[in-house]
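Have a look at the structure below, then the notes.
The values are calculated or read from the model by the stated rules, or taken from the named source; none is laboratory data. Just so it is clear, the model here is predicted, and its values are computed rather than measured. Quick reminder, even Gly has a Cβ in these numbers, built from the backbone with ideal geometry, and neighbours come from all protein chains shown. Note: areas computed on protein heavy atoms with side chains; ligands, DNA, RNA excluded. Shrake-Rupley method; radii C 1.70, N 1.55, O 1.52, S 1.80 Å.
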Amino acid sequence: MAKQKGFLKLRGSIGDLNFYKSKDGYMVREKSSIDRNTIMSDPRFQRTRENMQEFKNAGTAGKTLRNAFNAIIKNAKDSRLSSRLTKVMHGILKEDTINARGQRNVHKGNQQLMKGFDFNAGAAWLKTVLIPVQVDIERTSGETKFTLDAYKPLDVIIAPQGATNYRFVAASTEIDFEKNEYITKTSYTDYYPYDEVEVNDVELLNNLSPNSEHTIALAIGIEFYQEVNTVLYPLKNGSFNAAHLIEINLP
């Protein structure tokens with residue numbers, strides 16, 4: 001693919017060239033002379049079909065995770081979240097050592113590769129919140145707990161200009177990538193002022209199903225607000241909010 005240059009930007013097709021707009025700008029690519037029926041049936045394209053199926057599997061798994069954590073990422077995501085997450089899922093299914101190529105899937109791969117994923121690439125958690133977070137998972141009872149030690153906001157939270165308040169959000173999900181099903185619980189702190197006053201220990205609890213047989217994933221995030229005439233408004237439509245996949249616990 002190549003970028004279009006000049007002041008005149010084209011969309012559509014001219015001869016064997018296809019002009020279109022993407023997130024990277026105005027692009028141009030050559031049309032393929034191979035039709036879909038050939039790709040889907042010709043033995044020469046067996047590897048292509050396998051790659052297509054695994055890309056689909058990765059995309060489906062990524063969508064399932066996004067849906068599971070929708071409450072925490074709806075205010076903390078970037079425009080490339082879908083493609084970035086698909087890339088991670090593709091790396092996970094490539095670790096599937098059980099299924100044949102073209103049939104590999106995330107539920108048989110190394111799901112630990114999801115740990116540390118930032119849902120908003122423009123606001124990484126570890127560069128936004130400098131507070132250690134302890135997480136505890138009790139599979140027998142289903143209880144998941146997030147704990148942050150006492151802190152002074154101005155010292156350990158890198159807030160964007162204009163922020164007057166913030167809150168933490170924690171989400172816990174039990175997720176089945178084989179059936180693409182999930183159960184998620186989400187909790188929030190109060191809205192804290194962004195100042196020098198020390199905040200006592202913060203604890204967030206989410207209760208999942210007791211004795212779950214599925215993967216348990218935990219995510220934590222921070223949302224920034226600006227107070228205007230006693231009303232709190234999301235700052236910059238959430239573009240500075242961070243959301244981080246902090247723990248993966250396998251059955």
Quiz item: Are there any pairs with C-beta distances below 9 angstrom linking a residue in the stretch 233-251 that is touching a residue at least 40 places away in the same chain (Cβ under 8 Å) and more than 19 Å from residue 79 (Cβ to Cβ) to a residue that is open to solvent by 20 Å² or more (accessible area, probe 1.4 Å) and of a type in the set (S, T, N, Q), with the two at least 6 apart or on different chains, and if so which?
Solution: 248/112; 250/112
Quiz item: If you take the residues of the stretch 214-236 that are closer than 24 Å to residue 117 by Cβ and at pLDDT below 95, which of them is surrounded by the most Cβ atoms within 10 Å (Cβ to Cβ)?
Solution: 235
Practice problem: Considering every residue within the stretch 158-175, establish whether at least one is acidic (Asp, Glu) and without any contact (Cβ under 8 Å) to a residue 12 or more places away in the chain. | Solution: no
Practice problem: Tell me which residues, restricted to the stretch 67-94, are in contact with a Ser or Thr (Cβ under 9 Å, 6 or more places away or on another chain) and open to solvent by 60 Å² or more (accessible area, probe 1.4 Å). | Solution: 67, 70
Practice problem: Might you check whether a residue that is farther than 18 Å from residue 243 by Cβ and either open to solvent by 10 Å² or more (accessible area, probe 1.4 Å) or touching a Cys at 6+ places or on another chain (Cβ under 6 Å) (or both) occurs anywhere in the stretch 112-131? | Solution: yes
Practice problem: Confirm whether residue 29 is modelled with pLDDT under 90, surrounded by fewer than 15 Cβ atoms within 10 Å (Cβ to Cβ) and part of a helix (DSSP H, G or I). | Solution: no
Exercise. Could you please give the count of residues in the stretch 194-209 that are among the aliphatic types (A, V, I, L, M), more than 23 Å from residue 65 (Cβ to Cβ) and surrounded by 15 or more Cβ atoms within 10 Å (Cβ to Cβ)?
Key: 2
Quiz prompt | Flag if residue 147 is on the phi < 0 side of the Ramachandran plot, touching a helix residue (DSSP H, G or I) at 6+ places or on another chain (Cβ under 8 Å) and polar (S, T, N, Q) | solution = no
Quiz item: So, in the stretch 135-154, of the ones that are within 30 Å of residue 110 (Cβ to Cβ) and in contact with an Asp or Glu (Cβ under 6 Å, 6 or more places away or on another chain), which residue ends up most open to solvent (accessible area, probe 1.4 Å)?
Solution: 145
Practice problem: For residues that are closer than 16 Å to residue 213 by Cβ and aliphatic (A, V, I, L, M), scanning just the stretch 155-193, find the one that is least open to solvent (accessible area, probe 1.4 Å). | Solution: 175
Practice problem: Write out, first by first residue and then by second, each pair whose Cβ atoms fall under 7 Å of each other, whose residues are 6+ apart or on separate chains, and whose first residue, in the stretch 100-119, is polar (S, T, N, Q) while the second is assigned to a loop (DSSP other than H, G, I, E, B) and open to solvent by 60 Å² or more (accessible area, probe 1.4 Å). | Solution: 110/95; 111/250
Practice problem: Of the numbered conditions (1) touching a Gly at 6+ places or on another chain (Cβ under 6 Å); (2) more than 20 Å from residue 153 (Cα to Cα); (3) surrounded by 14 or more Cβ atoms within 10 Å (Cβ to Cβ), residue 243 fails exactly one; give the number of that condition. | Solution: (2)
Quiz item: Taking the stated definitions as given, is residue 103 assigned to a helix (DSSP H, G or I), open to solvent by 40 Å² or more (accessible area, probe 1.4 Å) and modelled with pLDDT under 95?
Solution: no
Exercise. Find the residue count for the stretch 147-180, including only residues that are within 20 Å of residue 198 (Cα to Cα) and assigned to a strand (DSSP E or B).
Key: 9
